[in-house]
Amino acid sequence: MIDGVPDDLDETVVRTPFESASLLLDRLAELGWTVAVAESLTGGLVVSSLVDVPGASRVVRGGVVAYATDLKHGVLGVDQALLDAHGAVHPRVARQMARGVRDVLGRDGVAADVGIATTGVAGPDEQDGQPVGTVHIAVSTPLGTRVDSLVIAGDRDRIRRETAHLAVRRALAAL
């Protein structure tokens, strides 16, 4: 069960992670846009799902796995005061990760067009006072940044895989 999933995600006709990724990459190519991914909770699953699609190199800039909290600040530019106050599992952290990865993985001083970020708690223990299954997914585009905060039930593997799939679907919905 997933609490807090926006209605538009439930109504999509996309069924599989590969199909979601393929549709996202096709849409990005139509727009002439690039995508960069910042992952904590998902540990590379999002960018891996994108590069599983043949032709991904036309739009995928790359990914940063900032699993350690200090990397979120040092690499992605997440505000240290925010991390100190709330820890890494917070919607504003996801927002800043998505914005930051656009800059970090941009090219020639031009940001990537889309940034996707994931942070949360896959378990087995809570983190930063947040229960297992707490997830924040952010998508940043030139039009703005949106964060979805969810609670996903299941074991560690299910939480991570479902988060990765939802992150791709959320990015597709943003375009």
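The values are calculated or read from the model by the stated rules, or taken from the named source; none is laboratory data. Since the structure is predicted, the reported quantities are computational estimates derived from the model, not experimental observations. Note that each Cβ is placed from the backbone with ideal geometry, even for glycine, and that neighbours are counted across all protein chains shown. All accessible areas refer to the heavy atoms of the entire protein, side chains included, with ligands and DNA or RNA removed. Shrake-Rupley method; radii C 1.70, N 1.55, O 1.52, S 1.80 Å.
When the C-alpha atoms of the chain are aligned to their principal axes, what extent does each axis show, in angstrom, from largest down?
Principal extents (largest minus smallest coordinate, Cα): 42, 37, 25 Å.
Keeping all protein chains in the complex and leaving out DNA, RNA and ligands, what accessible area do you get for Thr119 with a 1.4 Å probe, in Å² to the nearest 10?
0
Accessible area of region 32-175 with a 1.4 Å probe: how many percent of it is carbon plus sulfur?
48
Can you pull the one-decimal nm distance between simple spin-label points at Ala85 and Glu19, each 7 Å off the Cα toward Cβ?
Here the answer is 4.3 nm between the modelled labels.
Taking just the C-alpha trace of region 90-175, give me its Rg and Dmax in Å.
Gyration radius and largest Cα-Cα distance of region 90-175: 13.3, 42 Å.
Give a residue-ordered list of calculated ³J(HN,Hα) values for region 94-104 (Karplus: 6.51 cos²θ - 1.76 cosθ + 1.60, θ = phi - 60°; whole Hz; x for Gly, Pro).
4, 4, 5, 4, 5, 5, x, 5, 4, 6, 4
Per residue, how large is the accessible surface of region 59-175? Use a 1.4 angstrom probe and give square angstrom.
In whole numbers, region 59-175 has 43 Å² accessible per residue.
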